[in-house]
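The values are calculated or read from the model by the stated rules, or taken from the named source; none is laboratory data. As the structure is a prediction and not an experimental result, all values here were calculated from the model. Please note: Cβ atoms are built from the backbone with ideal geometry, for glycine as well, and neighbour counts cover all protein chains shown. These area figures cover heavy atoms from the full protein model, side chains too; ligands, DNA and RNA do not enter into them. Shrake-Rupley method; radii C 1.70, N 1.55, O 1.52, S 1.80 Å.
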Amino acid sequence: KRNRTIPLFDCLYEIDEHLEFYTALGFDIIYYQKAPYRFASVKNEFTEISFFGNKNLDLESGGGGCYIVVPDVDAVYSQLKSNLKKYYGKIPTKGLPRFSRLNLTTEDRRFNITDPSGNTLMIGEPLGDSQDLMKEDEEKIKAASKFEKAYKWAYRYAYSKEDFLGSSNLIESAFRSNTEQISNELYFKGKVLQLDVLITLDRTEKAKEIVKELDACKLTSEEKAHVQNEMQRYLELKEEL
């Protein structure tokens, strides 16, 4: 009887294939029918979602989406990732379906799950009031250098909006046209972001070139301490290649 909202998404008409992904994640199917129309609901400990089988679903136009707040995003991420790995033998990171890495944004720590029908679940643990955090970040962007501005926007495109193509174009343009002196730390962060979006876009050959550039980047012990998260991400991406 508590107040709650249950998202209702269009999904592939072959609803069984769609539901297989959610059961792989660890959801339970709590309602299922094929006639007079295709409809199903799935549920786990933190959310419930319903689906309507759509014969005319256009995957190119994108699907629905919702934001799910959880108190411990690390625990949820680890559990769902483990479930997927156990079912598929690997984590799908490109195309449909896909499961993102755990990312830090201005407002939260989050990861995204995009299902076979193009619907995206953004699962996050907020860091505070989103409006205050965004306002504070906007002030930082205003004061940043031209290259750092581009990096911050490319970061948002990738991890807040999942606009990987836009992020890739922006960070590549920033590196190509940059005429200012940037720190090793910022250079490393920018290259790791560039590598991440290239792998997501399945641009393997270009990604391998970025790996060479990152390998050639010499960081001091102090600089390495400041880019620990990016270094860990780089090692994961390098192994994935």
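Please list, by residue number, every one of the GluC sites (Glu not before Pro) in the range 112-206 that is coil in DSSP and has at most 12 other beta-carbon atoms within 10 Å. Loop-located and lightly packed - Glu180. Using Cβ point charges alone (K and R +1, D and E -1), the dipole size of the chain about the Cα centre works out to roughly 200 debye.
Against the criterion of solvent-accessible heavy-atom surface with a 1.4 angstrom probe, Tyr157, Tyr77 sort, most first, into Tyr157, Tyr77.
Here the range 164-216 is assigned +1 on the Cβ of each Lys and Arg and -1 on the Cβ of each Asp and Glu. Its dipole about the Cα centre then comes out at about 60 debye.
Electrostatic bookkeeping for Lys208 treats Lys and Arg as +1 and Asp and Glu as -1; over the other residues with beta carbon under 12 Å from its beta carbon, the sum is -1. FRET efficiency for the pair Phe46 and Ala143, taken as 1/(1 + (r/R0)^6) with r the Cβ-Cβ distance and R0 = 35 Å, rounds to 0.40.
The rule of thumb for compact globular proteins, 2.2 N^0.38 Å, goes into the C-alpha radius of gyration of the range 111-184 1.31 times. A dipole drawn for the range 1-53 from +1 and -1 charges on Cβ atoms has a positive end, and of Leu25, Val42, Ile15 the residue lying farthest that way is Val42.
The accessible area of Asp16, taken with all protein chains in place and a 1.4 Å probe, comes to roughly 70 Å². Ranking Ser117, Ala150, Gln131 by how far each Cα lies toward the positive end of the dipole of the range 114-161 (charges on Cβ) leaves Ala150 at the top. Remark on Asp10: its backbone amide H falls under 5 Å from those of Phe52, Gly64, a criterion applied only to residues 5 or more positions apart or on other chains, H modelled at 1.01 Å from N. Counting Lys and Arg as +1 and Asp and Glu as -1 over every other residue whose Cβ lies under 12 Å from the Cβ of Tyr88, the net charge comes to +4.
Over 32 Å between C-alpha atoms is what I'm after, so list which of Lys90/Lys212; Lys85/Lys146; Lys55/Lys149; Lys55/Lys206 land there. Pairs exceeding 32 Å: Lys85/Lys146; Lys55/Lys149; Lys55/Lys206. Taking every DSSP bridge with both residues inside the chain, close to 70 percent are antiparallel.
Give me the net charge for the shell around Glu45: Cβ to Cβ below 12 angstrom, other residues only, Lys and Arg +1, Asp and Glu -1. Value of the local net charge: -2. Coupling constants for the range 123-137 follow from the phi torsions by the Karplus curve (6.51 cos²θ - 1.76 cosθ + 1.60, θ = phi - 60°), and in residue order they are 10, x, 10, x, 9, x, 5, 4, 5, 5, 5, 5, 5, 5, 5 Hz; glycine and proline get x. Cross-link partners for Lys208 among the aspartates and glutamates, with Cα-Cα distance under 14 Å and sequence neighbours closer than 8 places in the same chain left out: Asp196, Glu236, Glu239, Glu240.
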